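Chemist: One structure is given below, represented as structure tokens, and several questions about it will come after.
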Amino acid sequence: MSLTIKFWGVRGSLPSAPPPTDWTYHVEGVLRNFFSAGYRDPSQISRYIQSLEVPQVGGYGAATTCVEIQSPKGQLILDGGSGIRNLSERIMTGTTGRGKGPFHIFMTHFHWDHVIGLPFFTPNFIPGCEVHYYAVQPELEKLIRGIFQRPYFPVPFEALKAKIHFHVMEPRKPYQLEDMTITPYKLDHPDPCWGLKVECGGKAYAHCVDTEGTRITREELGEDLPLYQNVNLMYFDAQYTLPELAEKANWGHSAAQVGLDIAIREGIQKVLFAHHDPGARIEHVQELKRQTKEYFESRQRFASANQNSLPPVEWDFAHEGLEIVL
Ligand SMILES: [Zn+2]
Ligand SMILES: [Zn+2]
């Protein structure tokens, strides 16, 4: 039994690609490093590129939140950010043929960056296709209908050819879909936002965007604590640095250090930080990564000074297209 988790969009707030001048500067740096690393011949380019981490060359991606989870028996999609467009393309052109579904889309909340891709999810327009939308928010149907509406989008909801179904979920109540169990828990965000825990065959993924992480202790988290417990992979909102987090209180986003503290306490195996700021370029995210490493190492030093050791939490910053198998 395994879960395959693919991140089709990892940016927050607004789809955002670096402008051409930033790319030119970045490409210049990559080329300079080719030579300073001792390479000379064009035949070595592939080897050089493969020696680097994906974001060092291609960046972290432009698309907003969309995660696909595949289990041995089923598939589900978390959030409909602009990343869902590329997923839709894979569904429509993939080797398995034009997907008929059913497709299951679970929504954390309805901020623009989590719904902006839905009109570009082609199965919505295919006759005979089934698309199921799920959310805790009781106004789910009205909110989805509102996306397919003139003058914001030329095709009204009534003209969609797929069979669309809506499922309002109960907070903290497990929902069974094929071999997966999906449970919504409350996150800390200005408009109600529900993190999703997806479990299958003893593996668990926790989808924790968008959240400010204002409730940290087990007591504060209360009935939402299980979202962070017995988790193999946590996807956590790390839009800000710690000083930015202090400046932007109540904006609903967090910092990697907050997620790391929770992961260390709860023994989460792996953490991916995401919801990168629309203005965050490659170098900026790499600086966040450096600060997170410094913080993690300081916690390790503190633990060993007290004859303790930290659980072996693996962590990184997510990039678009990343795939993890649990
Ligand atoms: Zn968001
Ligand atoms: Zn939001």
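The values are calculated or read from the model by the stated rules, or taken from the named source; none is laboratory data. Just so it is clear, the structure is predicted and the values come from calculations on it, not from any experiment. Using ideal geometry, Cβ is built from the backbone for each residue, glycine included, and neighbour counts are taken over all protein chains shown. Heavy atoms of the whole protein, side chains included, go into the accessibility calculation; ligands, DNA and RNA do not. Shrake-Rupley method; radii C 1.70, N 1.55, O 1.52, S 1.80 Å.
Chemist: Select from the stretch 1-51 the residues that are charged (D, E, K, R) and either more than 16 Å from ligand 1 (Cβ to nearest atom) or in a helix (DSSP H, G or I) (or both) and list them in ascending order.
Modeler: Within the stretch 1-51, LYS6, ASP22, GLU28, ARG32, ARG40, ASP41, ARG47 qualify.
Chemist: Please work out if LYS6 is closer than 18 Å to TYR205 by Cβ and open to solvent by 80 Å² or more (accessible area, probe 1.4 Å).
Modeler: Numbers: closer than 18 Å to TYR205 by Cβ: yes; open to solvent by 80 Å² or more (accessible area, probe 1.4 Å): no.
No; evaluated as a whole, the condition is false for this residue.
Chemist: Which of (1) surrounded by fewer than 21 Cβ atoms within 10 Å (Cβ to Cβ); (2) over 26 Å from TYR133 (Cβ atoms); (3) within 16 Å of ligand 1 (Cβ to nearest atom) is the odd one out, the single condition GLY213 does not satisfy?
Modeler: Looking at each condition in turn, GLY213 falls short on (1).
Chemist: Also, quick follow-up: Report, by residue number, each residue of the stretch 44-82 that is under 21 Å from THR183 (Cβ atoms), open to solvent by 30 Å² or more (accessible area, probe 1.4 Å) and in contact with a Ser or Thr (Cβ under 8 Å, 6 or more places away or on another chain).
Modeler: Within the stretch 44-82, the subset under 21 Å from THR183 (Cβ atoms) is 65-80.
Subset that is open to solvent by 30 Å² or more (accessible area, probe 1.4 Å): 70, 72-73, 75.
Passing the criteria: GLN70, PRO72.
Chemist: Let me ask something else. Filter the stretch 116-132 for residues that are of a type outside the set (A, V, I, L, M) and open to solvent by less than 10 Å² (accessible area, probe 1.4 Å); which is nearest to ligand 2 (Cβ to nearest atom)? Full working, then the answer.
Modeler: Within the stretch 116-132, the subset of a type outside the set (A, V, I, L, M) is 117, 119-125, 127-130, 132.
Of the ones still in play, those that are also open to solvent by less than 10 Å² (accessible area, probe 1.4 Å) are 117, 121, 123-124, 129.
On the way: GLY117: 14, PHE121: 19, PRO123: 24, ASN124: 22, CYS129: 28 Å.
Applying the filter and picking the extreme gives GLY117.
Chemist: Select from the stretch 216-244 the residues that are in contact with a Cys (Cβ under 8 Å, 6 or more places away or on another chain) and within 16 Å of ligand 1 (Cβ to nearest atom) and list them in ascending order.
Modeler: Passing the criteria: TYR235, PHE236, ASP237.
Chemist: THR181 versus (1) out of contact with any helix residue (DSSP H, G or I) (no Cβ under 9 Å at 6 or more places or on another chain); (2) among the β-branched types (Val, Ile, Thr); (3) within 16 Å of ligand 1 (Cβ to nearest atom): which is the lone unmet condition?
Modeler: (3)
Chemist: How many residues are among the β-branched types (Val, Ile, Thr), within 18 Å of the chain's Cα centre (by Cα) and closer than 21 Å to ALA17 by Cα if we restrict to the stretch 34-83?
Modeler: 4
Chemist: Moving on to the next point. Could you list all residues from the stretch 288-309 that are open to solvent by 70 Å² or more (accessible area, probe 1.4 Å) and closer than 30 Å to GLY81 by Cα?
Modeler: ARG290, LYS293
Chemist: Can you find, within the stretch 304-323, the residue that is nearest to ARG265 (Cα to Cα) among those that are aliphatic (A, V, I, L, M) and modelled with pLDDT under 95?
Modeler: LEU310
Chemist: So for the stretch 105-115 (the condition being open to solvent by 10 Å² or more (accessible area, probe 1.4 Å), within 25 Å of the chain's Cα centre (by Cα) and more than 16 Å from ligand 2 (Cβ to nearest atom)), does at least one residue qualify?
Modeler: Within the stretch 105-115, not a single residue is open to solvent by 10 Å² or more (accessible area, probe 1.4 Å), within 25 Å of the chain's Cα centre (by Cα) and more than 16 Å from ligand 2 (Cβ to nearest atom).
Chemist: Return the residues of the stretch 165-193 that are open to solvent by less than 50 Å² (accessible area, probe 1.4 Å), touching a His at 6+ places or on another chain (Cβ under 7 Å) and within 14 Å of ligand 2 (Cβ to nearest atom); say none if nothing qualifies.
Modeler: Of everything in the stretch 165-193, those that are open to solvent by less than 50 Å² (accessible area, probe 1.4 Å), touching a His at 6+ places or on another chain (Cβ under 7 Å) and within 14 Å of ligand 2 (Cβ to nearest atom) turn out to be HIS189, CYS193.
Chemist: Kindly check whether there is at least one residue in the stretch 25-38 that is within 27 Å of ILE84 (Cα to Cα) and hydrophobic (A, V, I, L, M, F, W, C).
Modeler: Within the stretch 25-38, not a single residue is within 27 Å of ILE84 (Cα to Cα) and hydrophobic (A, V, I, L, M, F, W, C).
Chemist: Restricting to the stretch 83-102, and then to whatever is crowded, with 16+ Cβ neighbours inside 10 Å and of a type in the set (Gly, Ala, Ser), can you tell me which residue is farthest from ILE126 (Cα to Cα)? Outline the logic, then answer.
Modeler: First, pick out the residues of the stretch 83-102 that are crowded, with 16+ Cβ neighbours inside 10 Å: 83-88, 91, 99, 101-102.
Narrowing the set further to residues that are of a type in the set (Gly, Ala, Ser) leaves 83, 88, 99, 101.
Working: GLY83: 20, SER88: 12, GLY99: 9, GLY101: 10 Å.
Checking each candidate, the answer is GLY83.
Chemist: Go through ALA263, ALA274, ALA246, ALA255 for me and flag whichever is farther than 20 Å from LEU310 by Cβ, of a type in the set (A, V, I, L, M, F, W, C) and open to solvent by less than 10 Å² (accessible area, probe 1.4 Å).
Modeler: So the residue among ALA263, ALA274, ALA246, ALA255 that is farther than 20 Å from LEU310 by Cβ, of a type in the set (A, V, I, L, M, F, W, C) and open to solvent by less than 10 Å² (accessible area, probe 1.4 Å) is ALA274.
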